[in-house]
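Trainee: Next up is a structure, given as structure tokens.
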Amino acid sequence: MFTPGRPYLAIPGPSVMPDRVLSAMHQASPNIYEGALVDMVETLWPDLRLLAGTRHNVAAYIANGHGTWEAANTNLFSRNDKALVLATGNFGHGWANSVRGLGVEVTVLDFGRSSQPDWAMVEQALRAEPNFKAVLVTHVDTATTVKTDIVALRDVMDAVGHKALLAVDCVASMGCDRFLMDDWGVDVTVAASQKGMMTPPGMGFVWFSDRAADRCATSDLRTPYWNWTPRAHADEFWQYWYGTAPTHHLFGLREALTMILREEGLPQVWARHALLARTVWAAFEGWSTGNPAIRLNVADPASRGHSVTAARFGMPDATRLRRWCEGQGGVTLGIGLGMSTPEDPNADGALRVAHMGHVNPHMTLGALAVMQAGLLALGIAHGDGLAAATAVVAQG
Ligand SMILES: *Cc1c(COP(=O)(O)O)cnc(C)c1O
């Protein structure tokens, strides 16, 4: 009713895009054989390595996050290889399904929807099967917003002396949560353009270590299109994409990487996401003081992602609140993904607030203020979340 003005999409991807990224894309089609575009793309590779914290290889694809899973899978595995997947939400199961569909033998350890992997169970699984070719894990599972401690996982793998490669889905965390691929001993990292990377959906990235390149040189699921080797070491420009380059996405990506790496700087980008995450958590904690049904999905702050926050309400209050915020406040919140239960089959008691990418305190506080207005308007009991949230921003 009062929603003219700039709409705010606070779902976990696609995220808010900077006007500068959009403007950079607004130009005529470039020559894809020589000239400015070809020169510019050479500047992207070192920046993409910097973003992931690696000196190793990066392959880019015209693909969404699901496409990058398949890109990683086809290079990592041969048919009948074994994979161990640590699932902390829908996206872990999604990656497991993606790799299982290729004929890989998948073992899934399901850690539920609110906590990190249990390291004793992971250790037991690794000891029981020395032939896992790779361990796949989601850094931040966007459905539950659980963040997994990748350093702890590496430590477990090293303690067992397991030779599996470590592959991490950073679609929801790249450019949001601290991630250091080489320092943390990660072999394969995947991410997509439309979340922390602030660019439209349609580009995916797979970073891979030299060790992974060696160990996967004979993987028989590899197909010409998904093969990461020529993409990472192209002799001719077309090989980076195995065809026409995603021209306008590249203009946008160049601008986004400039903003993240050369202007704000990655440590500050991480600090901003951490602040906004704490702001959102404080709001929920404040609201819960007046209504015990309102609570954060992940109890342990160290196990929460910094890009998106999942929360529970009494059913169906999360859906009522989402609808009110979109219809009356111009803010679109995320649905409760993979949160259905027998009592709440439509996950009407769960929602997510995204705080990823091009966001700042006025945007996050604005979304939270609309949410508090919605709680008031709908007669949903709540404490003063806004007082707590604004205090976090005030302290910085
Ligand atoms: C969004 C997301 C995906 C899937 O990406 P799509 O672009 O929707 O295919 C996979 N993993 C994680 C962690 C995500 O957040």
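One line per residue, one yes/no per condition, for (1) assigned to a strand (DSSP E or B); (2) touching a helix residue (DSSP H, G or I) at 6+ places or on another chain (Cβ under 8 Å); (3) farther than 22 Å from residue 277 by Cβ:
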| residue | (1), (2), (3) |
| --- | --- |
| 325 | no, yes, no |
| 332 | yes, yes, no |
| 339 | no, no, no |
| 359 | no, yes, no |
| 365 | no, yes, no |
| 382 | no, yes, no |
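Trainee: Under the condition of being among the small types (Gly, Ala, Ser) and touching a Leu at 6+ places or on another chain (Cβ under 9 Å), which residue from the stretch 177-195 is surrounded by the fewest Cβ atoms within 10 Å (Cβ to Cβ)?
Mentor: Per the criteria, the residue is 185.
Trainee: Can you tell me how many residues within the stretch 151-176 are in contact with a His (Cβ under 9 Å, 6 or more places away or on another chain) and crowded, with 22+ Cβ neighbours inside 10 Å?
Mentor: Residues flagged as in contact with a His (Cβ under 9 Å, 6 or more places away or on another chain) and crowded, with 22+ Cβ neighbours inside 10 Å within the stretch 151-176 amount to 9.
Trainee: Please go through (1) surrounded by fewer than 20 Cβ atoms within 10 Å (Cβ to Cβ); (2) within 25 Å of residue 147 (Cβ to Cβ) for residue 36 and return the number of the only condition it doesn't satisfy.
Mentor: Of the numbered conditions (1) surrounded by fewer than 20 Cβ atoms within 10 Å (Cβ to Cβ); (2) within 25 Å of residue 147 (Cβ to Cβ), the odd one out for residue 36 is (2).
Trainee: Go through the residues of the stretch 176-195 one by one and say whether even a single one is farther than 30 Å from residue 313 by Cβ and part of a helix (DSSP H, G or I).
Mentor: No.
Trainee: Please find, among 369, 347, the residue that is more than 23 Å from residue 171 (Cβ to Cβ) and either assigned by TED's automatic domain parsing to the domain that holds residue 143 or among the small types (Gly, Ala, Ser) (or both).
Mentor: After ruling out the rest, the residue left standing is 369.
Trainee: Then there is this: Would it be correct to say that residue 117 is more than 18 Å from residue 82 (Cα to Cα), more than 14 Å from the ligand (Cβ to nearest atom) and outside any strand (DSSP E or B)?
Mentor: When the stated conditions are applied, residue 117 passes them.
Trainee: Would you mind stating whether residue 85 is β-branched (Val, Ile, Thr), in contact with a helix residue (DSSP H, G or I) (Cβ under 8 Å, 6 or more places away or on another chain), within 16 Å of the ligand (Cβ to nearest atom) and touching a residue at least 12 places away in the same chain (Cβ under 8 Å)?
Mentor: Criteria met by residue 85.
Trainee: Sticking with this structure for a sec: Would you check if residue 234 is farther than 21 Å from residue 179 by Cα and free of Cβ contacts under 8 Å to residues at least 24 places away in the same chain?
Mentor: yes
Trainee: For the stretch 344-353, indicate whether the set of residues that are farther than 27 Å from residue 394 by Cα, surrounded by 17 or more Cβ atoms within 10 Å (Cβ to Cβ), within 22 Å of the chain's Cα centre (by Cα) and not hydrophobic (A, V, I, L, M, F, W, C) is non-empty.
Mentor: no
Trainee: Answer yes or no as to whether residue 129 is within 26 Å of residue 178 (Cα to Cα), surrounded by fewer than 20 Cβ atoms within 10 Å (Cβ to Cβ) and touching a residue at least 24 places away in the same chain (Cβ under 8 Å).
Mentor: no
The values are calculated or read from the model by the stated rules, or taken from the named source; none is laboratory data. Quick caveat: nothing in here was measured; it's all calculated off a predicted structure. Every residue, glycine as well, gets a Cβ built from its backbone with ideal geometry; the counts of neighbours run over all protein chains shown.
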